[in-house]
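Before any comments, here is the structure.
The values are calculated or read from the model by the stated rules, or taken from the named source; none is laboratory data. These numbers were taken from a predicted model, which means no experiment stands behind them. Neighbour counts are summed over all protein chains in view; Cβ atoms, including those assigned to glycine, are modelled from backbone coordinates with ideal geometry.
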Amino acid sequence: MYVDPRGPRFGAVLTSVVLAVVLITASGWLLAAQAVVFGLGAFAGLRYAPYGVLFRLLARPRLAPPAELEAQAPPRFAQGVGFAFAAVGAVGYLNGVTALGVVATAFALGAAFLNAAFDFCLGCEVHLRLVRLFGRSVVRYVPKSEINSADAAQVKEKAYA
């Protein structure tokens, strides 16, 4: 499965705002809600992630087709990492261990901000390195020229086997 790479970046912008608000307000419940958002993206798929739905409904219709597509697995892995940090942070905030909440939220915010501001998905890069470590082929992006070619099915099959 492939996704428009602008979708996860759009989600990272919204996530950065939510996580900054969590750090300002120390709201464990808001961080728990963000953990749910991460969890839906990681476990149900990016298609069902709330920020992905907003991107498809509000932003994507106004944009030109993407220049390339991205394999779904790296951003889903990143959502899983975000889920872990948000869950740990929410537990910290809600149980009075504010330092744990702040540190976990700050790490998640750092990763989300890297993606939002610089298009560098830290979780995606970790995923790709783990995939390489286990000896699987790695292709994160599939250029538009290859998507539209006669061999598109083979490209997609090889891209993330």
Of all residues in region 118-139, count the ones that are small (Gly, Ala, Ser) and in contact (Cβ under 8 Å) with a residue 40 or more places away in the chain.
1
Show me the helices (runs of 4 or more DSSP H) entirely contained within region 1-109 in which 1 or more residues are among the basic types (Lys, Arg) and under 10 Å from the mean Cα position of the chain (by Cα).
6-25, 73-94
Among the residues of region 44-68, which ones are of a type in the set (A, V, I, L, M, F, W, C) and either touching a Cys at 6+ places or on another chain (Cβ under 7 Å) or crowded, with 22+ Cβ neighbours inside 10 Å (or both)?
46, 49, 55
Scanning region 81-136 for residues that are of a type in the set (Phe, Trp, Tyr) and touching a Ser or Thr at 6+ places or on another chain (Cβ under 6 Å) gives 113
Scan region 74-94 and tell me whether some residue there is free of Cβ contacts under 8 Å to residues at least 12 places away in the same chain, out of contact with any Cys (no Cβ under 6 Å at 6 or more places or on another chain) and among the charged types (D, E, K, R).
no
Within region 116-134, is even one residue β-branched (Val, Ile, Thr) and at pLDDT 85 or above?
yes
